[in-house]
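Worksheet: one structure, shown below.
Derivation of every value follows stated rules applied to the coordinates shown; laboratory data play no part. Just so it is clear, the structure is predicted and the values come from calculations on it, not from any experiment. FYI the Cβ positions are ideal-geometry reconstructions off the backbone, even for glycines, and counts take in every protein chain you see.
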Amino acid sequence: MPLFDTWPIILDVALVFLAVALLLRLGPKYLASRSLILPPGPKGLPWVGNLRMLHQAQQRKWEVYAQWSKRWGRLTYLTSLGWRILIVNSKETAIELLERRGAIYCDRPSLYVVRLVELHNMIGLNDYDHGLRTSRQMVAQFIGSTAALKPLHSAFESESSRFLVMLLESPDDFADHVRTLLGRTILPFLYGYHPKMEGEDPVIRCAKRGMEAFDHVTDFGLFPVDVVPLLRYIPHWLPGGRWKHLIRPYKTALDEMGAVPFGFVKEQVLEGKAEPSFVSRNLECFGPRPTFEQEHHLKWTAAGVWAGKTDKLMSAAYQTPAVMSNFFLVMMLYPEAQAKAQAEIDRVVGHERLPMMEDRPNLPYVEALIKELLRFYPPVPLAFPHISRQDDIYDGYLIPKSTMVIVNVWDIMRNSQYYSDPFTFNPERFIATSDREAEQDPAKFVFGFGRRICPGRRFADAIAFICIAKVLSVFNTAKPLDANGNPIEPAVDHEDGTVSHPRPFKCCFKPRSERAAVLASDSIAHD
Ligand code: HEM
């Protein structure tokens, strides 16, 4: 038989083999996934799903989700306008899904408008791809280990001293000082840029505009096109297409937020007077002719690290000011914890100098107090959402591709399975004694999970330690008094954003002694 006559037979046989191989490989998984059920959760309406229920849970969502978990268990599955949402209330499940199966649960939710303004380039909002890995490696080289952070210690020391002086001069503005402190630490680190404290600073102005745009484009529901894709195709001059006019100025503002401080460093590098910084060092590594891609990554990585909320000064990562505000709240509410920490500092550091980074290993109670602060008020109570890349099977349930996984960190931190008497503020739980082990360090959870774990956690931890130790050494933080000299009880309540700050409260700071106040003032005189 001529060879060309046998080709169709060979091809047929090959196709049959291929089909059988595919069936054997994918068939069982496919069949299994079709016969599986979704995790438990409330029944929703067609398409809108559980929109109403989620909308009603806007205030302190983490507490509402914790209530739901009592009914649905450690997994609560919901849908809303085409989104699939899985709320996880158990640490074992969070670790299994986001860490052990991290390759599946490593993307971020993607909004159409965010992509349109190219904000998905920003570290924190982008999917886990080559670009994000590069960005995370860049950040890790500078602040990813205790050794890498060491060169920043002197900046932490001097900015924390400046913070003390600001508290001495205008204690009522403590919330502003907290944000200023972080802005003043992060901008020199990233760009070698020192913002003007008086008048309007050009970089801060750009950042404010950029962050206003950021707040809008990431506000799910503000642009109906995020939920009704058909609107993408409506021309801008028709009623349903008007949103397109809004997008242009947002994009300009966001581009400038990335480009202006970046341009500042490039200019300084060209003029040979750049201060060593995250951006300048990376530019040096790229060599004389960086590619567009290299610069692009660097620009958006830096912008992503300092992007915070629109305010007086930008914050490093908006989470850190929340830690400091929670610290002041807790010191007012639990004066006995404050007194113990101060006694430890007096014993170890004495009264002739302020605490330093090197004192940390000798201050176990202060260390435990910071852990308890993070446990009691986790700054990001629902972590950041992760998105699954493919169908997955967990505990007999199907978790479909593109499910948004939200870990209720707050609930884990308040779970009596993991922490004894979890609603009591008790730093001692983190100090091992002869008859009991220390409880689990909350840092394992409050900084997120797996491939997206917070790359700034050591930076945040270092700056929080030095500020807290110095404040404890210099000030007594107490409830303010009313006209009759009675203490005013603070209303303990937290804002509902991704990062949860305590709602504004009043606080009274008194130097512990004249000597302490002089030490604080002198510490910046010697800078
Ligand atoms: C106490 C302070 C902080 C807390 C509690 C915190 C917490 C978090 C959490 C929960 C995430 C999401 C992790 C996940 O998706 O699983 C995150 C991401 C991130 N954090 Fe922090 N953070 C803090 C401070 C900082 C600081 C100081 C920086 C920068 C110097 C920083 C930079 C980032 C970045 C760039 C991401 C995005 C990472 C990614 O998407 O891959 N954070 N943080």
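So who's got an amide H within less than 5 Å of the one on residue 405, skipping anything under 5 residues away but keeping other chains? H placed 1.01 Å off N, in plane.
Result for residue 405 returns 86, 386, 387, 388.
More than 42 Å apart: what percent of Cα pairs in the chain qualify?
27 percent
Under 8 Å for C-alpha pairs, at least 6 residues apart: give me the relative contact order for region 387-527, rounded to a whole percent.
Numbers: 108 pairs, mean separation 17.5, N = 141.
Relative contact order comes out at 12 percent.
Which aspartates and glutamates have a Cα lying under 17 Å from the Cα of residue 340, excluding residues fewer than 8 positions away in the same chain?
Straight-distance partners of residue 340: 359, 367, 372, 428.
Peptides 129-139, 405-415, 37-47: what's the order by average Cβ count within 10 Å, highest mean first?
405-415, 129-139, 37-47
Please give the length that would be gained between residue 356 and residue 230 if that part of the chain were fully extended, namely 0.36 nm times their separation in residues minus their C-alpha to C-alpha distance (nm, one decimal).
So the extension gain works out to 39.5 nm.
Rank-order 256-263, 140-147 by packing density, defined as the average count of other C-beta atoms within 10 Å over each peptide's residues, highest first.
Working: 256-263: 20.4, 140-147: 14.1.
Top to bottom by mean Cβ count within 10 Å: 256-263, 140-147.
Would you calculate the separation in nanometres between label points at residue 417 and residue 37, each defined as 7 Å from the Cα along the Cα-to-beta-carbon direction?
The answer from the label model is 2.0 nm.
Checking the table 61/444; 43/70; 208/470 against a 24 Å threshold on Cα-Cα, which pairs fail?
Numbers: 61/444 22 Å; 43/70 16 Å; 208/470 30 Å.
With Cα atoms farther than 24 Å apart: 208/470.
Can you tell me the relative contact order of region 104-211? Whole percent, Cα pairs under 8 Å, sequence separation 6 or more.
Answer for region 104-211 is 13 percent.
Please give the charge dipole size of the chain, origin at the Cα centre, charges +1 on K and R Cβ atoms and -1 on D and E Cβ atoms. Round to the nearest 20 debye. Don't skip to the end; give the middle numbers.
Details: 61 positive and 59 negative charges, 278 e Å.
Dipole magnitude for the chain comes out near 1340 debye.
Would you work out the Kirkwood radius for region 412-527? I mean one over the mean of 1/r across all pairs of different Cα atoms, in Å.
18.1 Å
For the chain, what proportion of DSSP beta bridges, expressed in % and rounded to the nearest 5, is antiparallel?
Just about 75 percent of them are antiparallel.
What percent do you get for the relative contact order of the chain when only Cα pairs under 8 Å and 6+ apart count?
21 percent.
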